[in-house]
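The values are calculated or read from the model by the stated rules, or taken from the named source; none is laboratory data. Everything quoted here is computed from the prediction, not taken from an experiment. In this analysis, Cβ positions are derived from the backbone assuming ideal geometry, glycine residues included, and neighbour counts consider all displayed protein chains. Just the protein is used for accessible areas: all its heavy atoms, side chains included, with ligands, DNA and RNA removed. Shrake-Rupley method; radii C 1.70, N 1.55, O 1.52, S 1.80 Å.
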Amino acid sequence: MEHALPDLPYAPNALIPHLSAETFEYHWGKHHRTYVDNLNKLVAGTPFAGASLEEIVKKASGGVFNNAAQHWNHSFYWKSLTPQSSDPTGALAQAIDKKFGSLASFREAFAGKATTLFGSGWAWLVQTADGGLDIVQTPNADCPITQGLTPLVTCDVWEHAYYIDYRNARAKYVEAFFKVANWRFAEANFKA
Ligand code: FE
């Protein structure tokens, strides 16, 4: 089965003014597409040819891992954004309060992890094996599912995610991320 670029869950201009259509044209239409194309080329004729994306992310290394994990991470990132963002509710909101004290403290901690990650990578809100929450950084293509963590929501902090709209100002992009973060998606991923 060929890996395929997923459709965006919204129109490329739906997140204006926080993220431009041009950002989606490049980030989704070129960067993500290239990871998918490279993955299909790299696994052809190998034991990974029939494997699921998750299986490849968990077992592969080198170029196969990098392209598979970037395909997984970006597919998850598009769903982590929404034009209709509103605060976390229910069991997830309670778990955020329990772990971080308040939504404001959580945002500060998440923004800290997203802005201080050195170089390219990802900031994630994850659920740990004991059911609690944590914020983790992963460098480059690394993905929390290889560490037994359940991703709830992610912020791509590769420069390609924000350079068109925010140039070098990653902190401004992370602020914008909170205006479009999809907490309904995070709640659906959270196991109460
Ligand atoms: Fe990206």
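Looking only at segment 137-175, count every residue that is of a type in the set (A, V, I, L, M), more than 11 Å from the chain's Cα centre (by Cα) and open to solvent by less than 10 Å² (accessible area, probe 1.4 Å) and tell me the total.
Going through segment 137-175 one residue at a time, the tally reaches 1.
Would you point out which residue out of 94, 137 is modelled with pLDDT of 95 or more and in a helix (DSSP H, G or I)?
Just a single option satisfies the conditions, and that option is 94.
Kindly indicate whether residue 48 is within 14 Å of the ligand (Cβ to nearest atom) and crowded, with 17+ Cβ neighbours inside 10 Å.
The answer is no for residue 48.
Being in contact with a Gly (Cβ under 8 Å, 6 or more places away or on another chain), within 16 Å of the ligand (Cβ to nearest atom) and among the polar types (S, T, N, Q), is that true of even one residue in segment 76-98?
The answer is no; no qualifying residue exists.
Just one of the numbered conditions (1) in the same structural domain as residue 159 (by TED's automatic domain parsing); (2) out of contact with any strand residue (DSSP E or B) (no Cβ under 9 Å at 6 or more places or on another chain); (3) over 22 Å from residue 16 (Cα atoms) is not true of residue 109; which one?
Residue 109 satisfies every listed condition except (2).
Out of the residues in segment 65-113 meeting the condition of being free of Cβ contacts under 8 Å to residues at least 12 places away in the same chain and over 19 Å from residue 191 (Cβ atoms), tell me which one is surrounded by the most Cβ atoms within 10 Å (Cβ to Cβ).
In this case the residue turns out to be 112.
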